[in-house]
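These notes concern the structure reproduced below.
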Amino acid sequence: MPDHWPTINEQIMEIDREIALRYRVYPRFVANGKLKPEKAEWQIRCLKAARASLLELKGQRENAQLAAL
């Protein structure tokens, strides 16, 4: 396990992994009554929003670096 704070790219990759995992397991959770469909959709939507926020932050940082050149 790395001993550094996760970079933005690493955070995005983890969110992508988690979203893919939830798409695989949530249908079973919903079918078994462990999770309501609306809650499953909401949780995935929240992860996608977090991913979008990180991508926006990444873009802002990249633009700031280019402007500093």
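Kindly list the residues of the stretch 1-16 that lie in the label zone of S53, defined by a backbone N under 18 Å from the point 7 Å along the Cα-to-C-beta vector.
Once the point is set 7 Å along Cα→Cβ of S53, 6-16 turn out to lie under 18 Å by backbone N, inside the stretch 1-16.
Using helices alone, what [θ] at 222 nm do you get for the chain, with -39,500 (n - 2.57) per DSSP H run of 4 or more residues, divided over all residues and rounded to the nearest 500?
-28500 deg cm²/dmol, from helical runs alone.
Per residue, how many Å² of accessible area does the chain show with a 1.4 Å probe?
Per residue, the chain has an accessible area of 82 Å².
Which Cα, out of S53, M13, P37, lies furthest along the positive dipole direction of the chain (beta carbon charges, K/R +1, D/E -1)?
It is P37.
Carbon-plus-sulfur fraction of the accessible area of the chain, 1.4 Å probe, in percent?
59
Rounded to the nearest 20 Debye, what is the dipole magnitude of the chain about its Cα centre when Lys and Arg each give +1 and Asp and Glu each give -1 at the C-beta?
460
By how many degrees, 0 to 90 and rounded to 10, does the Cα axis of helix 37-67 deviate from the longest principal axis of the chain?
It works out to around 10 degrees.
Using only Cα atoms, find the angle between the long axis of helix 8-31 and the longest principal axis of the chain, and express it within 0 to 90 degrees, rounded to the nearest 10.
That helix lies at roughly 10 degrees to the long axis.
Take C46, project a point 7 Å from its Cα along the Cβ direction, then tell me which residues of the stretch 6-30 have their backbone nitrogen under 18 Å from it.
12, 14-27, 29-30
The values are calculated or read from the model by the stated rules, or taken from the named source; none is laboratory data. Note that this is a predicted model, so its numbers are computed, not measured. Heads up, the Cβs are rebuilt from the backbone with ideal geometry, glycines too, and the neighbour counts pull from every protein chain shown. To get the accessible areas, we keep the full protein, side chains included, count just its heavy atoms, and leave off ligands, DNA and RNA. Shrake-Rupley method; radii C 1.70, N 1.55, O 1.52, S 1.80 Å.
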